[in-house]
Amino acid sequence: MIAGEKIVGREGYAGASVSKIAGHAGVAQGTFYNYFSARQDLFDVLLPHVGRRMLEYITDRLDDDLTGADRESARFRAFCEYLVENPGFYRILSEAEVHA
């Protein structure tokens, strides 16, 4: 899953071949098919996976004592930090409507 996230984030869905994903994961292409029956199966679970990771990242950085505008501001800052630390996220998100 992590290799798929990295490759799709860097090269987009169209450029994310099974060969590239397996190579990045350090496994044979056949091993990919032990987990997914097709490339599209990986794509189908990738967006929910990265979405959960993003939400966990933001939630982990929130102070429970914050309320209202301060809490929203902290959420937005955490989201921006996540985008900086995970530059492929936006590409995965934006291309998902067409490819996933």
Within the stretch 1-52, the residues that are among the acidic types (Asp, Glu) and crowded, with 16+ Cβ neighbours inside 10 Å are 5
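Can you tell me which of 90, 57, 35 is touching a residue at least 24 places away in the same chain (Cβ under 8 Å) and among the hydroxyl-bearing types (Ser, Thr, Tyr)?
Unique residue meeting the criteria: 57.
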Looking at the stretch 53-100 only, could you name the residues that are exposed (fewer than 15 other Cβ atoms within 10 Å of the Cβ), under 14 Å from residue 5 (Cα atoms) and acidic (Asp, Glu)? 85
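Only the coordinates and a few stated rules stand behind these numbers; no lab work does. All figures in this text were calculated on a predicted structure; none of them were measured in a lab. Glycine gets a Cβ as well: all are built from the backbone with ideal geometry, and neighbour counts include every protein chain shown.
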